[in-house]
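Undergrad: Quick one: the structure is below, and I'll ask about it shortly.
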């Protein structure tokens, strides 16, 4: 089966080569996705939450809730990375989450969205 994937990857463009590389090294891919990938995604989700979470009565709910929920967010991302059967799709989902949440954090810091920034 790996030979078929490699033959298809040689005939097509670079995304198929990435899929072939992922399927050749599933343990390494899953380790990277569940380890540093889950931690980075969870931290970016936590950092982006104050942008869309309401401030609450005291004005600090949008800061406190992400800090309290950080372990739960990490656990959800970690379990998704471990339990996902289709590794290329799992990598695409994790990359999309990291890119979108990273963009939200960057826009928030620059003051383009969510208030005055830092």
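Undergrad: Consider residue 39 carefully, then state whether it is surrounded by 13 or more Cβ atoms within 10 Å (Cβ to Cβ), touching a residue at least 40 places away in the same chain (Cβ under 8 Å) and within 30 Å of residue 17 (Cβ to Cβ).
TA: no
Undergrad: Residue by residue through segment 74-97, note down the ones that are under 9 Å from the mean Cα position of the chain (by Cα) and surrounded by fewer than 17 Cβ atoms within 10 Å (Cβ to Cβ). Spell out how you get there, then give the answer.
TA: Within segment 74-97, the first condition is being under 9 Å from the mean Cα position of the chain (by Cα), and the residues that meet it are 77, 91-97.
92, 95, 96, listed by residue number.
Residues checked against (1) in contact with a strand residue (DSSP E or B) (Cβ under 7 Å, 6 or more places away or on another chain); (2) assigned to a helix (DSSP H, G or I); (3) buried (at least 18 other Cβ atoms within 10 Å of the Cβ); (4) modelled with pLDDT of 70 or more:
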| site | (1), (2), (3), (4) |
| --- | --- |
| 7 | no, yes, no, no |
| 15 | no, yes, no, yes |
| 22 | no, yes, yes, yes |
| 27 | no, yes, no, yes |
| 30 | no, yes, yes, yes |
| 48 | no, yes, yes, yes |
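Undergrad: Which of the residues that make up segment 71-118 are under 19 Å from residue 39 (Cβ atoms) and not in a helix (DSSP H, G or I)?
TA: 84
Undergrad: Given the conditions (1) in contact with a helix residue (DSSP H, G or I) (Cβ under 7 Å, 6 or more places away or on another chain); (2) on the phi > 0 side of the Ramachandran plot, report the number of the one that residue 59 does not fulfil.
TA: For residue 59, the exception is condition (1).
The values are calculated or read from the model by the stated rules, or taken from the named source; none is laboratory data. Quick caveat: nothing in here was measured; it's all calculated off a predicted structure. Note that each Cβ is placed from the backbone with ideal geometry, even for glycine, and that neighbours are counted across all protein chains shown.
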